[in-house]
């Protein structure tokens, strides 16, 4: 049976949560409030995909639950929709469309909580389950790309909202960050690898390598006393792992190198004059 998207009227911004009107032809939308650009994620219609092996009674029950699920997703009530996905999967674990919708629910629920690495792995699991059931699904590919792109945009948005502290009460590192801030920054960078697992766009990993090197425009200049804490801040290990993944896709890839002190000086002077 051909997969069918639900018709969206509105969708909230992944970054700031504002409600935005969605035209049927749009694949991307820019938030008028925070300026973020993200992919439109259209859930799948599951009320027409009841397993033919279900009894007539269970099939009707399945369809009724599926219709409530669809209304919940259209109303942006993703916790309720997530729960209904679970009810449907208890009746039929092999419905790829429901696994895809569950992944979409998990994405929106995690974005409400300023998404973290462990939550993003849950999304990956659901999409991989759908892929095992229906590996040729074009809708799965389309939705995977949208979720991966949005994870990348969303995590960058939250990463760059982390600011250096001006307080002198606490010990700071890397020119002004608290240890907890550096932990959060690494968590957001790790999300770009998760986005790559969902959809292998090497741009995600290249940006991660740049942030871990760093290049001149990287958020953090990782200092040696932090790099030495390899169990807490595995900066070097993550960077090397990402480089190896990139080279599998692009064997000629050359990782960026940390700029010389002279390059930092030129960049400082240029930014000061700007």
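Just need a number here: residues in the stretch 50-69 that are touching a residue at least 40 places away in the same chain (Cβ under 8 Å) and surrounded by fewer than 20 Cβ atoms within 10 Å (Cβ to Cβ).
Residues in the stretch 50-69 being touching a residue at least 40 places away in the same chain (Cβ under 8 Å) and surrounded by fewer than 20 Cβ atoms within 10 Å (Cβ to Cβ): 1 in total.
Can you tell me which residue is farthest from residue 181 (Cα to Cα) among those in the stretch 239-263 that are in a loop (DSSP other than H, G, I, E, B) and modelled with pLDDT under 90?
This residue is 260.
Out of curiosity, is residue 236 over 30 Å from residue 140 (Cβ atoms), modelled with pLDDT under 90 and either surrounded by fewer than 19 Cβ atoms within 10 Å (Cβ to Cβ) or not assigned by TED's automatic domain parsing to the domain that holds residue 123 (or both)?
no
Kindly establish whether residue 185 is closer than 22 Å to residue 110 by Cβ and either in the same structural domain as residue 149 (by TED's automatic domain parsing) or in contact with a strand residue (DSSP E or B) (Cβ under 8 Å, 6 or more places away or on another chain) (or both).
Answer is yes for this residue.
Given (1) assigned to a loop (DSSP other than H, G, I, E, B); (2) farther than 24 Å from residue 145 by Cα; (3) at pLDDT 85 or above, identify the lone condition not met by residue 64.
Answer for residue 64: the failing condition is (1).
Can you spot a residue in the stretch 145-155 that is touching a residue at least 12 places away in the same chain (Cβ under 8 Å) and part of a loop (DSSP other than H, G, I, E, B)?
Taking every residue of the stretch 145-155 in turn, none turns out to be touching a residue at least 12 places away in the same chain (Cβ under 8 Å) and part of a loop (DSSP other than H, G, I, E, B).
Checking residue 213 against (1) surrounded by fewer than 17 Cβ atoms within 10 Å (Cβ to Cβ); (2) closer than 18 Å to residue 244 by Cα; (3) modelled with pLDDT under 95: exactly one of these is not met. Which one?
(1)
Among 74, 89, which is the only one that is over 20 Å from residue 151 (Cα atoms), assigned by TED's automatic domain parsing to the domain that holds residue 127 and touching a residue at least 60 places away in the same chain (Cβ under 8 Å)?
Numbers: 89 fails: touching a residue at least 60 places away in the same chain (Cβ under 8 Å).
When all the criteria are applied, what remains is 74.
Restricting the stretch 85-95 to residues that are under 24 Å from the mean Cα position of the chain (by Cα) and crowded, with 22+ Cβ neighbours inside 10 Å, which is modelled with the lowest pLDDT?
Looking at the filtered set, the residue picked out is 95.
Does at least one position in the stretch 191-206 carry a residue that is at pLDDT 90 or above and over 30 Å from residue 135 (Cα atoms)?
no
Only one of (1) exposed (fewer than 14 other Cβ atoms within 10 Å of the Cβ); (2) closer than 27 Å to residue 222 by Cβ fails for residue 159. Which number is that?
In the conditions (1) exposed (fewer than 14 other Cβ atoms within 10 Å of the Cβ); (2) closer than 27 Å to residue 222 by Cβ, residue 159 misses (1) alone.
The values are calculated or read from the model by the stated rules, or taken from the named source; none is laboratory data. These numbers come from a predicted model, not from an experiment. Because the Cβ atoms are built from the backbone with ideal geometry, glycine has one as well, and the counts that use them run over all protein chains shown.
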